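Below: the structure, in structure tokens.
A short reminder: the numbers here are calculations on the coordinates, not readings from a lab. Since the structure is predicted, the reported quantities are computational estimates derived from the model, not experimental observations. Note: ideal-geometry Cβ built from the backbone for every residue, glycine included; neighbour counts use all protein chains shown.
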Amino acid sequence: MRVDSYAFLPRSFRAMYAEPPRVAGHDEPVWAPFEKRLAEAKVALLSSAGLFVQGEQESFELDRERSEPGWGDPSWRAIPSATAQGELGMAHLHVNDTDTMADHEVSLPLRALDALVDEGIVGASAETHYSVMGYQATGLHDWQQSTGPEIAARLRREDVDALVLAPT
């Protein structure tokens, strides 16, 4: 069966994403060997849904995104692994939040990761997971200079072995 990733998106998206231009200086694929067995590894999740802990963290910036639709907030939020259903908010104008607000697992599968740990497939779940706002059409510089390095530094400090992207 062939999957058409663009079937439910505006036709204009195909031209923008089917053959994305290479970023200057980033011509080679990025590859990092995974040294540990998964059953011995500590794994963190990274969601692109613009999730934040309600009442504890600020929402991602939506006013600027409304006025500049190609801009996306390049900041990030740390999501504790014990975050329960109903404790997250979502700020992302390019994504319908209905399903994620009904079930956070759609965009940040914390309980699914816990189940893999319980089954011995994954060694451990990280204490902290991360969320960013996807659709970063114009903010690559901020991601290279701050967002990416800041998240990577925290992952290293927490002895995380693998980061799984949960795209939304």
Sum up the charges of everything whose Cβ sits under 11 Å from the Cβ of ASP142, counting Lys and Arg as +1 and Asp and Glu as -1, but leave ASP142 out.
-2
Work the Kirkwood hydrodynamic radius out for region 101-158: mean of 1/r over every pair of different alpha-carbon atoms, inverted, in Å.
13.6
Please identify the chymotrypsin sites (Phe, Trp or Tyr not before Pro) of region 27-97 that satisfy two criteria: DSSP loop assignment and at most 12 other Cβ atoms within 10 Å. Which are they?
TRP31, PHE34
Of all the stretches in the chain, which is the longest one without any exposed loop site, taking trypsin sites (Lys or Arg not before Pro) in a DSSP loop (any state but H, G, I, E, B) with at most 16 other Cβ atoms within 10 Å?
38-168
Per-residue Cβ contact counts at 10 Å, fewest first, order VAL95, VAL132, VAL30, VAL117 as VAL30, VAL117, VAL95, VAL132
log10 I(q)/I(0), Debye, Cα-only the chain, no solvent, q = 0.12, 0.15, 0.18 Å⁻¹?
-0.62, -0.98, -1.33
Gap in Å between the Cα centre of region 31-97 and the Cα centre of region 99-149?
6
Rg to Rh quotient for region 57-117, alpha carbon positions, Kirkwood Rh
1.02
If amide hydrogens are placed 1.01 Å from N in the peptide plane, which non-local residues have theirs closer than 5 Å to the one on GLY72?
ALA137, THR138, GLY139
